[in-house]
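This report refers to the structure that appears directly beneath it.
Values in this text are rule-based calculations from the coordinates and carry no lab data. Just so we're clear, the structure is a prediction, and the values are computed from it rather than from any experiment. Here the Cβ is made from the backbone with ideal geometry for all residues, glycine too, and neighbour counts use every protein chain on show.
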Amino acid sequence: MWIAARPQIPDTHHEEALETHIMSYQHNEAHKKDAWIVTGLAIALAAVFVTGFAITLLRTAWACDDAFISFRTVDNFVNGYGLRWNVNERVQAFTNPLWVFVMTGAYFFTREMFFTPIVISMAVTLAAIGIMLAGVARSQTLGLLGLTVLLFSRGFMDYSTSGLENPLTHLLLAVFMVVFFQTQRNHVVLFLMSLIAALAALNRLDTILFYVPALAYGWLGMRSWKATAVMALGFLPLIAWEVFSVIYYGFPFPNTAYAKLGNGITQDELVARGLRYFQHTLIKDPITLPAIALGMALPPLLRRDGRYLALSFGIALYLIYIVRIGGDFMAGRFFAAPLFLAVLAFVRMPLRGHPVLWAPAFALAALVSLSQPNAPITTGKDFGKSTAGFKDAYGVSDERRWYYQAAGLQMWTPERPLPHNKYANQGRQYHASGQPVTAVHGSIGFRAFLAGPKAHIIDYYALSDPLLARLPAQYDPQWRYGHFRRYIPDKYPESSASGVNTLTDKNLAAYYDQLLLITRGPIWSRDRWAAIWRMNLGRFDHLIDRDRYRFPAMRRVRAEQIAQPMPAGLPWDAEGVTRIPTRGLHIDLDGTWTAPRLELSLEGHNRYEVLFMRGTDIVAKTLLGPETVGQAALTLYAVTTPDAARHGGYSALRIMPLRGDNRRSLGHLRVLGQ
């Protein structure tokens with residue numbers, strides 16, 4: 001049957017829809033094209049920032065003398081001598097076991113220790129930066145702002161290639177941030193958090209303070225025996241190292257810890273010096289401390305998220321720790337890790353406002369940093385040629401500036417192997433002699449590493465020496481953190497090199513016998529383990545005459561010998577005066593005095609610190625002498641006895657030279673009034 005064809009009526013609605021679809025497609029394609037352009041520009045911008053950071057990292061690359069203290073152990077380990085400083089004794093002269101193992105793996109293949117740590121440090125630092133930008137930052141703008149802050153921070157840049165463990169500390173902090181901010185909270189995440197914290201503590205023990213509040217936050221979210229067991233499992237690497245340390249070395253902590261804890265400095269003095277360390281950084285590196293403060297304050301305030309608060313508490317704990325230990329002698333080093341964690345917290349926040357509005361923040365960070373002398377981005381080959389004023393009055397120093405000409409990457413030439421300074425060259429001379437060498441030095445990094453395993457190097461700062469680390473540091477009114485010098489007991493260098501105890505101090509010799517058993521005896525012997533137990537409990541401490549080694553070789557007089565008044569103006573070397581040696585003068589008062597005022601006649605060219613003693617304890621101090629250069633003649637000083645000495649009395653005075661020359665003398669001492 002035929003059916004007539006129906007006429008085709010144009011579907012205007014369909015055509016409109018099709019036209020709309022086409023227009024929409026064209027718009028989307030244009031939008032995608034614009035998005036690709038924006039993305040391309042963003043990638044290009046990020047590449048420019050990262051490239052600038054890498055170039056600055058390369059230009060500032062250097063090697064620190066202290067890093068080579070660890071590297072000597074690496075060299076001995078790779079060459080079959082064990083994890084030792086001097087090959088004849090088991091002593092942990094490093095504080096960074098994880099970094100030592102990383103460097104051991106690299107050094108095993110390269111057998112070179114200048115370029116190797118620089119390359120490893122740069123790779124680890126760039127990995128930490130990459131995680132910050134790609135895995136932590138919530139927006140590119142914040143990520144690049146954080147990178148700008150780090151780029152202009154002297155503390156961060158100086159210790160990102162120094163050979164110290166800072167780069168690995170930063171990498172572990174970045175990885176921890178990625179895990180800590182996982183949306184799912186479960187036992188796997190808690191285990192990973194604990195494992196990273198354990199590795200960080202294995203890299204440097206005091207950095208555990210950053211992680212404690214965050215770990216507590218994670219544990220409190222679960223609060224179960226299983227959560228506790230998971231955390232303990234994560235800490236197995238650190239626990240294993242501590243067990244090994246006690247078995248192999250005989251002590252749970254590195255030798256450097258004992259050397260620095262035995263400084264004899266009061267907590268008040270340490271806190272005052274720690275605050276000076278903050279002050280130095282604020283003046284010389286003006287972007288670092290404000291950036292830490294912002295990174296601690298803004299994220300918890302703006303996000304009201306307990307995780308940000310935990311991170312801020314971790315940073316605060318570490319800053320308090322810096323103050324309590326007296327800061328450090330390396331300017332900015334201890335602030336690198338808290339700065340990086342503060343930046344990580346800051347870039348993790350969502351961006352507020354249009355990215356363009358953040359441009360002034362970039363400009364401000366750059367301007368503030370460039371206003372400082374020796375900004376990292378301006379480092380050239382002339383950096384460090386002048387080291388005048390590299391160290392302040394409290395011993396805080398610009399270490400990169402001090403060592404750059406001797407161990408800066410830009411200084412390398414095939415004809416001039418680095419490091420190259422008097423310390424390094426002396427080490428090369430020891431090695432070239434081919435003979436066993438026994439020497440006592442400070443600044444032991446370059447020198448001891450290049451001297452090789454045949455050299456037996458004794459560090460008078462005790463960082464690598466087991467006996468000296470347990471002696472009290474010599475009293476020094478002008479002490480510098482990390483440089484607590486020990487008095488070398490009679491016959492000690494020979495005893496240490498040979499292992500045969502010939503010390504003339506019989507009590508100290510008995511103490512050293514136990515230490516020799518621990519550090520050189522058979523590891524599993526019963527006598528050694530008995531000595532380890534008793535030594536760690538302090539059972540042998542009474543054998544050390546602490547006052548003798550704290551104030552060694554002092555000249556001693558009795559008060560009655562210097563009671564005859566001498567007029568002011570007499571020559572400093574007049575007949576009857578008492579010379580004051582470099583190590584000080586002890587005046588025995590033949591009883592306990594409570595006199596409120598004293599008169600001393602001292603040579604007026606020098607400045608002195610007078611210690612009021614009760615037995616062997618310092619109960620008060622006072623300063624005498626001119627602020628500037630005075631006359632080299634006897635000068636009368638009326639001294640008001642400090643209340644702390646007058647109440648309870650004092651049995652001796654000790655006069656310690658501070659500065660001046662060797663023309664030091666005391667005329668007399670007498671009580672003023674009744």
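Couple of notes before you dig in:
- Bins of 5 Å, starting at 0 and running to the largest distance - Cα pair percent for region 210-358: 2, 8, 12, 14, 15, 16, 15, 10, 5, 2, 1, 0
- Relative to the longest principal axis of the Cα atoms of the chain, the long axis of helix 225-234 makes an angle of roughly 70 degrees.
- For region 46-378, relative contact order (Cα pairs under 8 Å, six or more residues apart, normalised by length) works out to 24 percent.
- Region 264-274 - phi-based ³J(HN,Hα) in whole Hz, Karplus 6.51/-1.76/1.60, Gly and Pro as x: x, 8, 5, 5, 4, 5, 5, 4, 4, 6, x
- Orientation-averaged projected area, Cα convex hull of the chain (nm²): 46.6
- Prolate is the label for region 40-136. Its Cα gyration tensor axes, ordered a ≥ b ≥ c, give a/c of at least 1.5 and a/b above b/c.
- Candidate cross-link partners of Lys284 among the lysines, defined by an alpha-carbon separation under 16 Å and a same-chain spacing of 8 or more, comprise Lys391.
- Relative contact order (%) - criterion: Cα under 8 Å, at least six apart; region: the chain: 13
- Dividing the summed -39500 (n - 2.57) terms of all DSSP H runs of n ≥ 4 by the residue count of the chain sets its mean residue ellipticity at 222 nm at -16000 deg cm²/dmol.
- For region 543-550, backbone phi angles converted through the Karplus equation (6.51, -1.76, 1.60; θ = phi - 60°) give residue-by-residue couplings of 7, 9, 7, 5, 5, 4, 8, 6 Hz, Gly and Pro being listed as x.
- For Thr582, Thr438, Thr288, Thr56, the sequence from fewest to most other C-beta atoms within 10 Å is Thr582, Thr438, Thr56, Thr288.
- Rg over Rh for region 554-671 works out to 0.93, both radii taken from alpha-carbon positions and Rh defined as the Kirkwood radius.
- Around Glu627: net Lys/Arg minus Asp/Glu count, Cβ-Cβ under 13 Å: +2
- Extreme residue, positive dipole direction of region 495-599, given options Leu598, Val557, Ala574 (C-beta unit charges): Val557
- Taking amide H atoms as placed 1.01 Å from N in the peptide plane, the amide H of Gly326 lies under 5 Å from those of Gly274, each 5 or more residues away in sequence or on another chain.
- Links that overshoot a 31 Å alpha carbon limit, given the list Lys422/Lys621; Lys491/Lys621; Lys381/Lys454; Lys260/Lys491: Lys422/Lys621; Lys491/Lys621; Lys381/Lys454
- Within-13-Å neighbourhood charge of Leu202 [Cβ basis; K, R +1; D, E -1]: -2
- Here the simple spin-label model places points 7 Å from the Cα toward Cβ, and for Thr622 and Thr110 these points are separated by 5.8 nm.
- Whether region 530-601 is rounded, prolate or oblate, judged on the alpha carbon gyration tensor where a/c under 1.5 counts as rounded: prolate
- Measuring nothing but alpha carbons in region 46-378 and taking Rh as the Kirkwood radius, the Rg to Rh ratio lands at 0.96.
- Sorting Phe180, Phe244, Phe390 from the fewest to the most surrounding beta carbons within 10 angstrom yields Phe244, Phe390, Phe180.
- When DSSP beta bridges are restricted to pairs lying wholly in the chain, around 80% turn out antiparallel.
- Separation between Cα centres of region 182-208 and region 435-450, rounded to whole Å: 38
- Taking the number of Cβ atoms within 10 Å of each Cβ as an exposure proxy, the fewest-first ranking of Arg556, Arg486 is Arg556, Arg486.
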